[in-house]
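Comments concern the structure below.
Each value in this text was obtained by applying a stated rule to the coordinates, not by laboratory testing. Because the structure is a prediction, the values reported are computed rather than measured. Please note: Cβ atoms are built from the backbone with ideal geometry, for glycine as well, and neighbour counts cover all protein chains shown.
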Amino acid sequence: QQNYYQREAYASAAALWTPTSRISLSYAADYTYNGLTSNLITENHPWRNSYLQSLGFRWKSSHVTTTVKALASIYRNGSREGTAARNATRLSPSASISYRPFSSNLSLRLSYKNIFRMPTFNECYFFHYGSPDVKPENTDQLNIGATWQLTPGTWLKTVTVTADGYVNNVKDKIVAVPYNMFVWTVTNLGKVRGRGADLTLTADFLPARRQSILFAANYSYQRMEPRTDRESSDFGKQVAYVPRHSGSVSLSYENPWVNLAANVTATSARFASNENLPQTRLRGYADAAAALYKPIRLSRYTIEPRLDILNIFNRQYEVIARYPMPGRSFRATLKFEF
């Protein structure tokens, strides 16, 4: 039996200064300590100190909003004995601009972001899963998008549509690859290029007093390609377990009696290998669920009993190769708030 014990301490502080109605400056600092011990003979008692500092500037007018940020990430790793993960220091800039034409329900946006991700403790030290040799992941993302919002009032309160397209260039992408249903390993893919689009639609209806219907739908397209070596068998293929198409639809009805909710999530076919071999192809699937819930107010307290039906149509599908997901199931929960 393998037992792991993780400890974490966290502290944060933030400040905001608005010298004028159009200009604001922000600063935030976060510190995290992580420690890990286990009962393995290979245990080396690793630890990590993480320092994150963010400085932001925003300028806003009636039609234009511009934001510039810089994130400084400092990670110091060590261990009582053995090999520890590498230290890392990064400065990650980002900038965005949004424009709303005069008297229009449409807003346009353009942004650039550099994203830095340090491998977690699990990805560095868990036996048969992580490795201290895993490199940090670095991403450059360019995004362009638009939002259209309509507020007709009466029974149709709001309708919001968003559309975004993006391009990612990832260096040392961190992925977890399963060898079987019990053993995984974390590794770096080198260079990965990603292209994608996201579409969302939400609508809020008011059919009667104290009643509301919320509809939401989203669709995502992702093309994630390893681009490290043109001679490699995985060059230009789809990264393992990343679907090209995915989406969901949800509908909820809130009323004075019993609230109802239903949702469907769907994913296209994927591959269990970066080489996209035919024998590693996983079929796409759709999963439907529904719920009944009722918040009950008792003085200063709220009790919410809830019943969920998962995988309503009892579909057999796999998220991970050779690891079938459960069929139809039921879940009852009771939430207490005060």
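The table that follows gives values for the structure above.
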read-out: Spatial separation of Cα centroids for segment 148-223 and segment 83-134, in angstrom; value: 17 Å
read-out: Of [x] 36, 30, 25; [y] 31, 22, 20; [z] 39, 27, 15, the label for semi-axes √(5λ) of the Cα gyration tensor in Å derived from the coordinates; value: [x]
read-out: In segment 112-163, chymotrypsin sites (Phe, Trp or Tyr not before Pro) in a DSSP loop with at most 16 other beta-carbon atoms within 10 Å; value: F127, Y129, W155
read-out: Which listed pairs, of K69/K173; K113/K173; K60/K113; K69/K191; K60/K171, have C-alpha distances above 27 Å, in listed order; value: K60/K171
read-out: Cα lying deepest toward the dipole's positive end in segment 206-338, options P326, A291, N276, charges on Cβ; value: A291
read-out: For N276, distant residues with modelled amide H under 5 Å away; value: none
read-out: Length-normalised contact order for the chain - Cα pairs under 8 Å, 6+ apart - percent; value: 8 percent
read-out: Förster-model FRET efficiency, 30 Å R0, T42 and N114, C-beta, rounded to 0.05; value: 0.25
read-out: Part-to-part distance (alpha-carbon centres) for segment 252-296 and segment 55-70, which is given in Å; value: 37 Å
read-out: Value in Å of the Kirkwood radius, where segment 21-93 supplies the Cα pairs that are averaged; value: 15.0 Å
read-out: Karplus-derived 3J(HN,Hα), 6.51/-1.76/1.60, for each residue of segment 155-171, Hz, glycine and proline x; value: 7, 9, 6, 9, 9, 10, 10, 10, 9, 9, x, 8, 10, 10, 10, 10, 10
read-out: Under the Karplus curve 6.51 cos²θ - 1.76 cosθ + 1.60, θ = phi - 60°, whole-Hz ³J(HN,Hα) for segment 243-260, x wherever Gly or Pro sits; value: x, 6, 10, 7, x, 7, 9, 9, 9, 10, 10, 9, 8, x, 9, 10, 6, 10
read-out: The chain, helix-only ellipticity at 222 nm - DSSP H runs n ≥ 4, -39,500 (n - 2.57), divided by all residues, nearest 500; value: -500 deg cm²/dmol
read-out: Taking N as its residue count, the alpha carbon Rg of segment 50-125 over 2.2 N^0.38 Å; value: 1.65
